[in-house]
Amino acid sequence: MSKRKVRIATTSLAGCFGCHMSLLDIDERIVDLMAIAEFDRSPLNDKKTFTRRCDIGLVEGGCCNEDNVHVLKEFRKNCDVLVAVGQCAIMGGLPVMRNAIMHSEDPLRECLDEAYTTSKVLNPSKQIPNDPALPLILDKVYTCAQVVKIDYQIPGCPPSGDTLWAALTALIKNEEPTLDYALIKFD
Amino acid sequence: MSDKDHLTLNIDGQKITAKRGQTLMQACDAAGVYIPRLCDSEGLEPQGSCRVCSVKLNGRVVAACTQPVVANAHIESETEEINRYRKDLVSMLFHEGNHLCPICEASGRCELQAMAYRLGISQAAPHPYLEPVRPVDASHPDIALDNNRCILCGRCIRASRDVDGKHVFEYIGRGIHKRIGVNADCLAETDASIDDHAMSLEVCPVGCIIRKREGFFAPVGERLYDTEVIGRDIETQQPHHHSLHKIEVKQIDPADFPPFNKDDNGDTV
Ligand code: SF4
Ligand code: SF4
Ligand code: SF4
Ligand code: FES
């Protein structure tokens, strides 16, 4: 019986999808990757749920709403190794800028007002989106490690294709994903 | 060589000659041996506060920037133990402030970030992000202060006091509440000027002192530390690949172009 393929799941929480786009920057190496790995739950194949337990979970983005927390917990439950990919997942990234208004008495209100009511951005109704289908926004942005245990992190905004490749191949080989100097970037 | 004015140091097995009266850091710099540092900057009085320059001198940990050279010095610098201390110190600085590198205009030329790269900090530190609430002072017409990125190195204090002869900056508060203050209610009310040495790009190692309207002048790939490791200039005694400063590009005068002589079909007219 041949060895089974490594199962990888990916998700984008409060991220911009740049980290997923960067994964595609491994270019033709994706052929080598698909020879040894298969994707389970991932926006890359549009699978919305886990079909079985995965070896590696790649998480882009931190948590800014309750759905992000729910998905992140599912990933922790279903993945042996959980990796925070990119600055958003690691330290909140761009969305975490809203935590800077935490000095306010009512930070979330101030954030929403700034975005929808008082700002000069065109929003004629001045309404704050409140559809029941929308996940509730959290009081502030949380990093992945503040919500679940994270095993490794791959820095960058986004990490380059080469960085992702180096880290991913190490993880597939069951090695520590140490990155060479040229591959460590925080932006 | 050992005489009245000189002595020999042994650093990581390499013998270098130092002048008496030099600090370990000065002697190593002159010999092309780089010791990581953050609060020390050429031309400013050393202050010995960040401890990133920690080395072992005859078995004891000392700050290389303030420690004078001594006879029979056996120094350990690039060892696993010392680099582990340095890694911890640098990653704690990231966790103590609010360092959002993707939106920071110092990114790529920031000494804190470059030091993290040099030390190979890629995995999570065991420390929580403290996410302090710190003010931004954008009152001055030419300068902004984003305290979220301040690492309290004190370089601005020494530059303003000792080079500019002003006292724009000072430490206020203690312990975890210690921060940089200005000697008025806000920067605009001080005698700070964009031409002060304290406001130059050499002084603030991070993106706290911001020169307005100058940010992001160097594209990614051409920033100071995009192509070289911090300390390479000392190790190789060669200048940096890229400038810390904006290089004035000569504007092209449209009159210098030859007249456009093709019609819509690409035929010469
Ligand atoms: S780390 Fe950067 S590229 Fe990745 S999701 Fe966040 S903003 Fe996008
Ligand atoms: S000051 Fe340096 S470490 Fe801090 S956010 Fe800016 S680039 Fe990153
Ligand atoms: S403002 Fe810059 S130079 Fe001054 S203490 Fe903070 S980091 Fe150092
Ligand atoms: S450089 Fe020596 S203590 Fe900071």
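Quick notes on this structure:
- Filtered by the rule that a residue be aromatic (Phe, Trp, Tyr) and under 20 Å from residue B:33 (Cβ atoms), segment B:216-247 gives a lone residue, B:225.
- Every listed requirement among (1) under 16 Å from residue B:135 (Cβ atoms); (2) of a type in the set (Gly, Ala, Ser); (3) part of a loop (DSSP other than H, G, I, E, B) is met by residue B:221 save one, (1).
Each row is one residue, and each column tells you yes or no for (1) touching a Cys at 6+ places or on another chain (Cβ under 7 Å); (2) over 16 Å from residue A:6 (Cα atoms).
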{"position": "A:52", "(1), (2)": "no, no"}
{"position": "A:58", "(1), (2)": "no, no"}
{"position": "A:71", "(1), (2)": "no, yes"}
{"position": "A:76", "(1), (2)": "no, yes"}
{"position": "A:84", "(1), (2)": "yes, yes"}
{"position": "A:92", "(1), (2)": "no, yes"}
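- In segment A:45-56 there is at least one residue matching the filter, namely being touching a residue at least 60 places away in the same chain (Cβ under 8 Å), on the phi < 0 side of the Ramachandran plot, under 16 Å from the mean Cα position of the chain (by Cα) and away from ligand 4 (no atom under 16 Å from the Cβ).
- Residue in segment A:18-41 that is part of a strand (DSSP E or B) and under 12 Å from the mean Cα position of the chain (by Cα) present: no
- Condition check for residue B:121: within 16 Å of ligand 4 (Cβ to nearest atom) and crowded, with 17+ Cβ neighbours inside 10 Å: no
- The selection criterion, being in contact with a His (Cβ under 8 Å, 6 or more places away or on another chain), away from chain B (no Cβ under 14 Å) and surrounded by 14 or more Cβ atoms within 10 Å (Cβ to Cβ), holds for residue A:12.
- Note on segment B:106-120: among residues that are part of a helix (DSSP H, G or I) and closer than 10 Å to residue B:207 by Cα, the one that is farthest from the chain's Cα centre (by Cα) is B:112.
- Yes/no for residue B:37 being part of a helix (DSSP H, G or I) and either of a type in the set (Lys, Arg) or not assigned by TED's automatic domain parsing to the domain that holds residue B:178 (or both): no
- Between B:52, B:69, the distinction of being more than 14 Å from chain A (Cβ to nearest Cβ) and more than 16 Å from ligand 2 (Cβ to nearest atom) belongs to B:69 only.
- Residues that are more than 16 Å from ligand 1 (Cβ to nearest atom), crowded, with 17+ Cβ neighbours inside 10 Å and closer than 21 Å to residue A:96 by Cα, drawn from segment A:148-187: A:148
- Residues (out of contact with any strand residue (DSSP E or B) (no Cβ under 6 Å at 6 or more places or on another chain), under 24 Å from residue B:104 (Cα atoms), away from ligand 4 (no atom under 16 Å from the Cβ) and more than 14 Å from chain A (Cβ to nearest Cβ)) located in segment B:137-167: B:139, B:140, B:141, B:142, B:143
- From the options B:201, B:187, residue that is surrounded by fewer than 23 Cβ atoms within 10 Å (Cβ to Cβ), more than 22 Å from residue B:224 (Cβ to Cβ) and in contact (Cβ under 8 Å) with a residue 40 or more places away in the chain: B:187
- Some residue of segment A:81-95 being within 14 Å of chain B (Cβ to nearest Cβ), in contact with a His (Cβ under 8 Å, 6 or more places away or on another chain), in a helix (DSSP H, G or I) and of a type outside the set (Asp, Glu): yes
- Taken over segment A:127-176, residues that are over 17 Å from the mean Cα position of the chain (by Cα), within 14 Å of another protein chain (Cβ to nearest Cβ) and part of a loop (DSSP other than H, G, I, E, B) amount to 2.
- Scan segment B:95-105 for residues that are among the hydrophobic types (A, V, I, L, M, F, W, C) and either in a loop (DSSP other than H, G, I, E, B) or within 13 Å of ligand 3 (Cβ to nearest atom) (or both) and the total you get is 2.
- Looking only at segment B:81-97, and only at residues there that are away from every other protein chain (no Cβ under 14 Å) and among the charged types (D, E, K, R), the one that is nearest to ligand 4 (Cβ to nearest atom): B:86
Each row is one residue, and each column tells you yes or no for (1) within 16 Å of ligand 3 (Cβ to nearest atom); (2) aromatic (Phe, Trp, Tyr); (3) loosely packed, with under 14 Cβ neighbours inside 10 Å.
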| site | (1), (2), (3) |
| --- | --- |
| B:47 | yes, no, no |
| B:52 | yes, no, no |
| B:72 | no, no, yes |
| B:75 | no, no, no |
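The values are calculated or read from the model by the stated rules, or taken from the named source; none is laboratory data. These numbers were taken from a predicted model, which means no experiment stands behind them. Positions of Cβ are backbone-derived with ideal geometry, glycine not excepted, and every protein chain shown enters the neighbour counts.
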